[in-house]
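Let me begin by presenting the structure, written as structure tokens, before commenting on it.
The values are calculated or read from the model by the stated rules, or taken from the named source; none is laboratory data. As the structure is a computational prediction, the values presented were derived from the model and not from experiment. Heads up, the Cβs are rebuilt from the backbone with ideal geometry, glycines too, and the neighbour counts pull from every protein chain shown.
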Amino acid sequence: MAARSVGRRLLIVGCIFFLAAAAQAAEIRVRVDDGAGAPVADAVLSLNRVGGTPTTPRKASATMDQHDLRFAPFVLPVQAGTTVTFPNSDNVRHQVYSFSASKRFQLSLYTGNHASTVLFDQPGIVTLGCNIHDWMVGYVVVLDTPYFAKTAADGSASIANLPAGEYVVHLWHPRIEDATSQVVEQHLVVAGAPLQRDFHLHLRAPDQSNMPPAGLEMGLGHRMRPHGT
Ligand SMILES: [Cu+2]
């Protein structure tokens, strides 16, 4: 009986600690625009904890598809240590490569569910291209933090369950004027209350869009099969 009583007390103490920790965690919601009010999609929001010990990269996986002659998604944020799978959902061959310093690779030319995998172990921006289709461009944004999110079409993003503490807030976008991510807030204090922020990113004009030339997408993409098959 005594052992059971001690066990129950430990359980209660554990629950109190858990609730206290949960009460300190908070959510941040952001909205990103271009400075003229237009929402910015595909911006990567990341928060690095000040003074925190670097987190051990979790064994995570993610997918960068090739679909309708485009990379899908256009921007894929991952934590360093993530293995990314590259399937091909088109019925034409693609050959994915990167010349970026933090991860140089070239996959073999392939179709179908060959699905090569690449480990992204160094933080940095990895720009993807395809040797067959010049317009294809995609980005794997490798981050040294587990706290990140990508803005939706309306420019919004959120990160839940942020532990209490102080953070540096970064934003990155493929058309950011500075090639590296911008620090948009140096001392963000998370103390349990939800946070809301509006950020402005000034973007360069698009150079490469990941969009196939008009008409080509339906002619070569997976959706249209040759007649008689
Ligand atoms: Cu391709």
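Looking only at segment 177-189, which residues are surrounded by 15 or more Cβ atoms within 10 Å (Cβ to Cβ) and in contact (Cβ under 8 Å) with a residue 40 or more places away in the chain?
From segment 177-189, those surrounded by 15 or more Cβ atoms within 10 Å (Cβ to Cβ) are 181-182, 184-185, 188; that's our starting set.
The answer is S181, L188.
Within segment 154-161, can one find any residue that is modelled with pLDDT of 95 or more, in a loop (DSSP other than H, G, I, E, B) and surrounded by fewer than 13 Cβ atoms within 10 Å (Cβ to Cβ)? Yes: segment 154-161 contains one or more residues that are modelled with pLDDT of 95 or more, in a loop (DSSP other than H, G, I, E, B) and surrounded by fewer than 13 Cβ atoms within 10 Å (Cβ to Cβ).
Got a sec? Which of L119, L109 is surrounded by fewer than 17 Cβ atoms within 10 Å (Cβ to Cβ) and within 10 Å of the ligand (Cβ to nearest atom)? Please lay out each step first, then the result.
Numbers: L119 fails: within 10 Å of the ligand (Cβ to nearest atom).
Just one listed residue meets the conditions, L109.
Screening segment 86-106 for residues that are more than 16 Å from the ligand (Cβ to nearest atom) and surrounded by 14 or more Cβ atoms within 10 Å (Cβ to Cβ) and picking the one that is farthest from L69 (Cα to Cα) gives S102. Would you be able to say whether some residue in segment 122-141 is surrounded by 14 or more Cβ atoms within 10 Å (Cβ to Cβ), over 15 Å from the mean Cα position of the chain (by Cα) and of a type in the set (S, T, N, Q)? Yes, some residue in segment 122-141 is surrounded by 14 or more Cβ atoms within 10 Å (Cβ to Cβ), over 15 Å from the mean Cα position of the chain (by Cα) and of a type in the set (S, T, N, Q).
Among the residues in segment 174-183, are any of a type in the set (A, V, I, L, M), within 21 Å of S61 (Cα to Cα) and outside any loop (DSSP other than H, G, I, E, B)? The answer is no; no qualifying residue exists. For segment 190-210, a tally of residues being exposed (fewer than 13 other Cβ atoms within 10 Å of the Cβ) and assigned to a strand (DSSP E or B) returns 2.
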